1. Say R0 is 25 Å: what FRET efficiency, to the nearest 0.05, do Leu499 and Val449 get from their beta-carbon distance?
2. Return the FRET efficiency for the residue pair Asn50, Leu390: r is the Cβ-Cβ distance, R0 is 45 Å, and the value is rounded to the nearest 0.05.
3. Just to be sure I understand the model, the point goes 7 Å from the Cα along the line to the Cβ. What's the resulting Asp472 to Lys516 distance in nm?
4. Could you sort the peptides 71-77, 290-296, 245-251 by per-residue average Cβ neighbour count (10 Å cutoff), highest mean leading?
5. If you count the DSSP beta bridges with both ends in region 400-547, what percent of them are antiparallel, to the nearest 5?
6. Quick one: accessible area per residue over the chain, 1.4 Å probe, rounded to a whole number of Å²?
7. Full-extension gain between Lys428 and Glu540, please, as 0.36 nm times their residue separation minus the C-alpha to C-alpha distance.
8. Could you give the length gained by full extension between Asp91 and Leu356, i.e. 0.36 nm per residue of separation minus their alpha carbon distance, to one decimal place?
Amino acid sequence: MAEKKWILILFLTFIIAVSQVHHLYMGELASIMLEKLQQWRKPFNNGGKNLAIGPNLTACHSSYGRPDLLVYCCPPGFQTPVPFTDFKFPDPSPVRVRRPAHLLNESFIAKYNKALSIMKSLPYDDPRSFLRQANLHCQFCTGAYEMLNRSGSELNIHRTWMFFPWHRMMIYFHELILGSLIGDDTFALPFWAWDIPDGMTIPDFYVDESSPFFHSQRDFSHFPPRVADLDYSTDDNDPRFDGKEQTETNLAFMYNRMVSGAKKTELFMGCTYKAGDKNCDSPGTIESAPHNTLHTWIGSGLNPGREDMGKFYSAAKDPVFYAHHSNIDRLWEVWRDINDRKLDIDDSDWLNSFFLFYDENLNLVKIKVKDVLDITKLGYSYEEVDRPWLNHRPPPSVPPEQARRIIKLKQNENPVFSSDFRRVLDGKLTVTVNRSVKREKVDEEETVVVYGIVVRGNEYVKFDVYVNLSDDTKMNPKFREFAGTFAYIPGGGRGGHDLKKMKLKLGISELLKDLKADEDESIWVTFVPRTTSCSNVSIEGIKIEYIK
């Protein structure tokens with residue numbers, strides 16, 4: 001049957017070619033034949049549904065690092081296609097072991113120092129050079145490339161399910177290049193373990209001014225012994241908490257981002273992003289924070305966008321970027337482990353999406369998402385560290401029955417319903433959200449969906465979301481009412497101010513159970529602006545959805 005269809009296709013192609021010569025007489029016939037040809041071709045091209053993503057490396061252009069700043073980070077000679085090879089798994093031995101940065105010995109730091117110094121000395125026309133490595137992040141995180149075979153469709157890997165695999169690819173090749181520069185195939189990048197108490201300060205060797213790890217474009221007030229604020233807001237000029245309380249807050253925050261708020265794939269990985277898709281703009285828990293928050297926390301407050309780490313176009317110029325993203329990569333593995341790999345994505349479009357990177361031998365390599373899902377095959381592992389945040393399930397700030405009475409009283413005084421919600425977030429706002437649609441299955445996750453989020457302006461934006469908050473003095477991730485956060489770094493695209501409509505999805509099933517509100521017909525959702533820039537944020541609405 002297949003052979004007959006191919007014969008028909010060839011025959012029709014011949015007729016159409018002839019019709020081009022006699023188009024005055026056969027134009028209508030050619031149109032009909034073309035339509036039939038497209039229909040019959042479908043069984044041979046996966047039904048025309050191959051929506052895997054890939055970059056067009058010859059279609060690079062200027063992009064916006066900030067909405068007010070046009071940048072150009074395209075590689076030299078990109079207009080000319082370069083031959084590439086398909087990725088092949090490396091020899092399984094030796095295994096490169098990534099260790100916590102705060103536990104590294106002087107011997108390893110000296111080795112890393114040498115490798116980084118050599119990388120920084122390479123000329124810009126060498127793809128292995130540090131600046132070329134840094135510009136990879138600029139190219140793929142600001143929309144500088146178009147999607148392959150989709151002219152005008154910019155490729156951006158942030159706030160989508162491409163976030164984790166793309167960054168894994170980037171630091172994987174970065175690591176191999178560093179090792180090759182010093183002839184050490186056991187070299188492994190360290191990870192900044194900011195999710196455990198002993199690792200929550202910037203590792204000491206990154207603040208040594210005499211080393212290549214030091215970077216001048218940082219917020220020096222956040223150097224050790226300052227504990228990192230995983231829930232950072234730029235409007236907090238002074239620490240919200242002392243070191244001990246900040247540590248406890250960080251651990252409760254991590255529980256929300258890794259456990260209670262990340263019970264479904266989309267909640268952790270981000271929205272489904274396929275070729276030609278312009279509507280996917282919803283980050284996963286870890287990407288929004290602590291990923292975005294720590295980028296901003298490290299960047300210099302003396303720069304308009306808290307560059308370098310505070311903006312994606314410049315972030316990878318700071319050596320601490322690679323330790324930060326090694327930990328992000330580790331947490332992806334930890335989340336998969338917590339869920340016994342049951343939430344892994346099996347969508348063929350995601351698995352077959354690909355990117356291209358230069359390896360340590362100056363070969364351009366095409367690597368697919370499915371190639372990077374087993375780090376053992378990639379030849380590296382992570383040294384095991386404690387996961388203390390697993391034991392930091394937060395308690396309600398107020399006993400649930402008492403909270404219900406307080407909420408009912410306040411609700412009667414000033415009711416705001418989600419049906420008339422369209423607002424600018426210029427102050428704290430509480431909304432009553434109806435839960436009339438009940439989940440169908442026990443394993444469905446109830447989510448608060450904030451949709452139609454539009455951010456105007458150049459500044460970092462952050463607001464927190466609480467459920468059934470009855471005591472305004474206890475607005476803190478350490479309490480169960482905290483549902484999640486929206487942390488946004490503006491920039492990207494040709495137009496700068498593209499004003500995309502974003503979504504924020506927050507898993508709340510465990511939260512509602514702990515607040516004894518899982519049988520209530522409605523909940524109270526409170527938005528708390530954490531930056532003055534929230535006055536530039538508008539929200540269309542809020543609703544309840546269930547994820548299977």
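1. That pair, Leu499 with Val449, gives E of 0.80.
2. Values: r = 40 Å, r/R0 = 0.88.
That pair, Asn50 with Leu390, gives E of 0.70.
3. With each label placed 7 Å out from Cα toward Cβ, I get 2.6 nm.
4. Numbers: 71-77: 15.3, 290-296: 25.4, 245-251: 20.0.
Descending mean neighbour count gives 290-296, 245-251, 71-77.
5. 95 percent
6. 43 Å²
7. Answer, rounded to one decimal: 38.7 nm.
8. Separation in residues times 0.36 nm, less the Cα-Cα distance, equals 93.4 nm.
The values are calculated or read from the model by the stated rules, or taken from the named source; none is laboratory data. None of these values were measured; they are calculated from a predicted model. Here Cβ is always computed from backbone atoms with ideal geometry, including for glycine, and neighbour counts include all displayed protein chains. Note: accessible area is taken over every heavy atom of the protein model, side chains too, but ligands, DNA and RNA are not part of it. Shrake-Rupley method; radii C 1.70, N 1.55, O 1.52, S 1.80 Å.
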